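Enquirer: Got a structure for you, written out below as structure tokens; questions coming shortly.
The values are calculated or read from the model by the stated rules, or taken from the named source; none is laboratory data. Bear in mind the structure is a predicted one, so any value in this text is a computation, not a measurement. Positions of Cβ are generated from backbone atoms using ideal geometry, with glycine treated the same way; all protein chains shown enter the neighbour counts.
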Amino acid sequence: MTPDSKMRLSAIAKRLFPDFATRLVLRRIAFLPLDLWDAALGHRDELTPPRGLWFIGGGNFRGIGEQFLDYFIRFGKLKPDDRVLDVGCGIGRMAVPLTRYLSTAGSYEGLDIVSQGIEWCREHITPRYPNFKFCVAEIYSRHYNPHGRLEAASYRFPYPDGSFDFVFAASVFTHMLPDGVKNYIAEMSRVCKLGGRCLFTAFLLNKESCHLIASGKSTLRFQDGPQQYCMVIDPAFPETAVALAEQFVTDSLNQVALTVQDPPLLGSWCGRANWTSYQDMLVVQRR
Ligand SMILES: C[S@@+](CC[C@H](N)C(=O)[O-])C[C@H]1O[C@@H](n2cnc3c(N)ncnc32)[C@H](O)[C@@H]1O
């Protein structure tokens with residue numbers, strides 16, 4: 001199934017069942033036979049959640065986590081003793097490989113708006129790795145948390161200034177609107193220590209990607225979004241997938257203490273020929 005057809009299927013599901021919790025229950029039921037089969041045959045280890053809980057997208061749960069750990073080390077210069085913040089940690093896909101990489105001197109904090117994911121991580125990861133902690137943020141998202149009472153655009157991360165060496169958001173700004181992203185960039189900068197690094201992924205709108213979208217080459221069919229500086233694939237549920245103007249992202253970084261050292265590592269999402277990963281990726285340094 002292509003990313004676009006997956007998104008279209010998800011758009012239909014959302015119209016039938018607008019509430020995230022209902023969709024998650026239905027997903028659990030749909031995947032129950034496969035999850036029971038995996039459990040009976042011992043195909044799933046204790047740090048891999050059942051497929052019915054993978055609200056973060058399909059694919060190879062362990063493989064994607066390992067791939068990102070490689071990006072964190074290679075591009076983000078992650079070290080075993082680092083204090084790490086995972087913004088939008090989902091159900092621990094990035095945390096699990098980090099349990100293997102981070103030493104007991106290092107630490108990990110995961111923050112997300114879906115309580116079911118955080119509960120799973122607290123039950124399965126923290127008891128085995130006490131330096132891994134997880135926190136729910138009650139933030140509204142039509143797609144992920146329609147009952148959230150806080151806004152991403154004004155949310156303050158629950159950590160003191162300069163708490164982390166490495167802050168990342170993997171496949172999170174692809175589900176947030178520009179006003180929230182702008183605030184999250186400022187918060188990532190605030191909680192990152194001087195000289196620390198931040199890594200995030202996005203669908204960046206620039207001359208090349210806009211041209212590819214307009215000529216039908218993109219894997220996602222983006223159209224005008226509800227705010228300036230963005231495009232979305234489903235205006236009724238904008239956070240399903242959001243692309244952000246590259247200039248807007250660069251300006252937001254320049255307005256806080258984050259220095260862009262290298263150009264973005266471009267992604268294949270829009271149908272370009274040379275790419276590093278599926279989404280675009282940026283690594284910046286706190287000055
Ligand atoms: C595609 S999933 C990626 C999850 C995780 N980063 C990973 O790669 O496995 C997007 C995640 O972003 C989270 N999210 C969406 N909006 C958010 C927000 N405003 N603050 C924190 N997390 C958010 C969702 O709940 C979801 O877990």
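Enquirer: For region 231-253, what are the residues that are within 19 Å of ARG23 (Cβ to Cβ), outside any strand (DSSP E or B) and in contact with a helix residue (DSSP H, G or I) (Cβ under 8 Å, 6 or more places away or on another chain)?
Expert: Those that are within 19 Å of ARG23 (Cβ to Cβ), outside any strand (DSSP E or B) and in contact with a helix residue (DSSP H, G or I) (Cβ under 8 Å, 6 or more places away or on another chain): ILE233, ASP234, ALA236, PHE237, GLU239, THR240, ALA241.
Enquirer: Among ASN183, ASN145, ASN206, which is within 12 Å of the ligand (Cβ to nearest atom), farther than 26 Å from PHE61 by Cβ and either buried (at least 22 other Cβ atoms within 10 Å of the Cβ) or not aliphatic (A, V, I, L, M) (or both)?
Expert: ASN183
Enquirer: Return yes when THR201 is in a strand (DSSP E or B), within 12 Å of the ligand (Cβ to nearest atom), hydroxyl-bearing (Ser, Thr, Tyr) and in contact (Cβ under 8 Å) with a residue 12 or more places away in the chain and no when it is not.
Expert: Taking the combined requirement at face value, the residue satisfies it.
Enquirer: Here's another thing I want to ask about it. Looking only at residues in region 146-162 that are among the small types (Gly, Ala, Ser) and under 14 Å from ALA186 (Cα atoms), which one is farthest from the chain's Cα centre (by Cα)?
Expert: Checking each candidate, the answer is GLY162.
Enquirer: Look through PHE72, PHE61 and report the one residue that is surrounded by 14 or more Cβ atoms within 10 Å (Cβ to Cβ), in contact with a strand residue (DSSP E or B) (Cβ under 8 Å, 6 or more places away or on another chain), modelled with pLDDT of 95 or more and among the aromatic types (Phe, Trp, Tyr).
Expert: Of PHE72, PHE61, the one residue that is surrounded by 14 or more Cβ atoms within 10 Å (Cβ to Cβ), in contact with a strand residue (DSSP E or B) (Cβ under 8 Å, 6 or more places away or on another chain), modelled with pLDDT of 95 or more and among the aromatic types (Phe, Trp, Tyr) is PHE72.
Enquirer: Report the residue count in region 104-140 for those that are buried (at least 22 other Cβ atoms within 10 Å of the Cβ) and among the hydroxyl-bearing types (Ser, Thr, Tyr).
Expert: Residues meeting the conditions: 1.
Enquirer: Do we find that ARG128 is away from the ligand (no atom under 11 Å from the Cβ) and over 25 Å from HIS143 (Cα atoms) in this structure?
Expert: So ARG128 passes the test.
Enquirer: For the subset of region 254-283 comprising residues that are outside any loop (DSSP other than H, G, I, E, B) and touching a helix residue (DSSP H, G or I) at 6+ places or on another chain (Cβ under 6 Å), which member is farthest from GLY216 (Cα to Cα)?
Expert: If we take residues in region 254-283 being outside any loop (DSSP other than H, G, I, E, B) and touching a helix residue (DSSP H, G or I) at 6+ places or on another chain (Cβ under 6 Å), then LEU258 is farthest from GLY216 (Cα to Cα).
Enquirer: Go through region 86-125 and report how many residues are among the acidic types (Asp, Glu) and either within 11 Å of the ligand (Cβ to nearest atom) or part of a strand (DSSP E or B) (or both).
Expert: Residues flagged as among the acidic types (Asp, Glu) and either within 11 Å of the ligand (Cβ to nearest atom) or part of a strand (DSSP E or B) (or both) within region 86-125 amount to 3.
Enquirer: Regarding region 261-276, can at least one residue be identified that is within 23 Å of LYS14 (Cα to Cα) and among the aliphatic types (A, V, I, L, M)?
Expert: The answer is no, given that none of the residues of region 261-276 is within 23 Å of LYS14 (Cα to Cα) and among the aliphatic types (A, V, I, L, M).
Enquirer: Where the second residue is in a helix (DSSP H, G or I) and more than 13 Å from the ligand (Cβ to nearest atom) and the first is over 20 Å from VAL25 (Cβ atoms) and touching a residue at least 24 places away in the same chain (Cβ under 8 Å) and lies in region 100-126, which pairs have Cβ atoms under 9 Å and are six or more apart or on separate chains?
Expert: If the second residue must be in a helix (DSSP H, G or I) and more than 13 Å from the ligand (Cβ to nearest atom), the pairs left are TYR101/ILE73; TYR108/THR99; ILE125/THR99.
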